[in-house]
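Notes to accompany the following structure.
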Amino acid sequence: MSRLIAFLLVLAVSFPASAETNKKNLWIALGLAPVTFFHETLLHETAHLTVAKLTIPGMEVQRFSPYPCRVDGKFYFGYNSVTWPGNLKIGDGTHTAIDIAPYALSASAFIVSDVLLSTRAVDPKGPGGAVLYTLGMLAPYINYAVGLLAGSDWDKIRARPYGVAFDVVGLALLAAGTYRIVKQGFAVFRR
């Protein structure tokens, strides 16, 4: 629910309320809200598992839930768990790569989408611009922001000796992303 509220708040800030509002693009973005939630959660959990599979020999998926669920009484937007052979020791670097993977994916999708809209390779005024802004910028931005500010992945990263460095970089990227979200929001939601 907090992601949906964050989505709507960012969307509200991203466009000017005036007669110049591109209502068609606004309706497209609002209509995509439920899709973006499941789309981003699926990508998020899949990114964790992909990096785990690539870095841990013998890794087995025990649970994959790309939808809201409860695990041991705690609510998660999405959840996965893995096991690996007991004699295999997994270092902090591998755990960090697994924890950070969805945020690297979000940042990459955000940057590519921003470039496509900025260069007008995708017309920000057309329906494609609204879809790209919503799925390629807004949803990854919210995933990144919620994860950084309140997510269990970042809590694990912060507990490691180099966690502060990830926080500093994460907050800097969030600040830059906020500027780009608002700037592109004006381009997409103004006529």
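The values are calculated or read from the model by the stated rules, or taken from the named source; none is laboratory data. None of the values given here were measured: they were computed from a predicted structure. Glycine also receives a Cβ, built like all others from the backbone with ideal geometry; neighbour counts cover every protein chain displayed.
Which residues, counting only those in the stretch 38-68, are farther than 20 Å from Ala104 by Cβ and not polar (S, T, N, Q)? Explain how you work it out, then say what you get.
Here is the first cut: in the stretch 38-68, the ones farther than 20 Å from Ala104 by Cβ are 38, 57-58, 60-63, 65, 67-68.
Hits for the stretch 38-68 are Phe38, Pro57, Gly58, Glu60, Val61, Arg63, Tyr67, Pro68.
Would you pick out the residues in the stretch 54-68 that are assigned to a helix (DSSP H, G or I) and modelled with pLDDT of 90 or more?
Leu54
Of everything in the stretch 147-172 that's crowded, with 18+ Cβ neighbours inside 10 Å and among the aliphatic types (A, V, I, L, M), which residue is nearest to His44 (Cα to Cα)? Explain how you work it out, then say what you get.
Our first condition is that a residue be crowded, with 18+ Cβ neighbours inside 10 Å; within the stretch 147-172, this holds for 147-148, 151, 153-154, 157, 166, 170.
Now narrow it down to the ones that are among the aliphatic types (A, V, I, L, M): 148, 157.
Values: Leu148: 13, Ile157: 16 Å.
Checking each candidate, the answer is Leu148.
Considering each of Thr36, Thr46, Thr41 in turn, give the residue that is assigned to a helix (DSSP H, G or I) and touching a helix residue (DSSP H, G or I) at 6+ places or on another chain (Cβ under 7 Å).
Checking each option against the conditions leaves just Thr36.
Is it true that some residue in the stretch 102-117 is part of a loop (DSSP other than H, G, I, E, B) and surrounded by fewer than 17 Cβ atoms within 10 Å (Cβ to Cβ)?
First, pick out the residues of the stretch 102-117 that are part of a loop (DSSP other than H, G, I, E, B): none.
No, because not a single residue in the stretch 102-117 is part of a loop (DSSP other than H, G, I, E, B) and surrounded by fewer than 17 Cβ atoms within 10 Å (Cβ to Cβ).
Residue by residue through the stretch 11-33, note down the ones that are of a type outside the set (D, E, K, R), modelled with pLDDT of 65 or more and part of a helix (DSSP H, G or I).
To start, the set of residues in the stretch 11-33 that are of a type outside the set (D, E, K, R) comprises 11-19, 21-22, 25-33.
Next, from what is left, pick out any that are modelled with pLDDT of 65 or more: 21-22, 25-33.
Correct list: Asn25, Leu26, Trp27, Ile28, Ala29, Leu30, Gly31, Ala33.
For the stretch 69-91, how many residues meet the condition of being loosely packed, with under 15 Cβ neighbours inside 10 Å and either modelled with pLDDT of 90 or more or outside any loop (DSSP other than H, G, I, E, B) (or both)?
The number of residues fulfilling the criteria is 9.
Looking at Ser118, Ser113, Ser108, which one is polar (S, T, N, Q), modelled with pLDDT of 85 or more and within 20 Å of Trp154 (Cβ to Cβ)? Give the derivation first.
Details: Ser118 fails: within 20 Å of Trp154 (Cβ to Cβ); Ser113 fails: within 20 Å of Trp154 (Cβ to Cβ).
That would be Ser108, the only listed residue that is polar (S, T, N, Q), modelled with pLDDT of 85 or more and within 20 Å of Trp154 (Cβ to Cβ).
Can you say whether Ile142 is within 12 Å of the chain's Cα centre (by Cα) and within 20 Å of His39 (Cβ to Cβ), as far as the supplied structure shows? Can you show your working first?
Numbers: within 12 Å of the chain's Cα centre (by Cα): yes; within 20 Å of His39 (Cβ to Cβ): yes.
Here the answer is yes, as Ile142 does meet what is asked.
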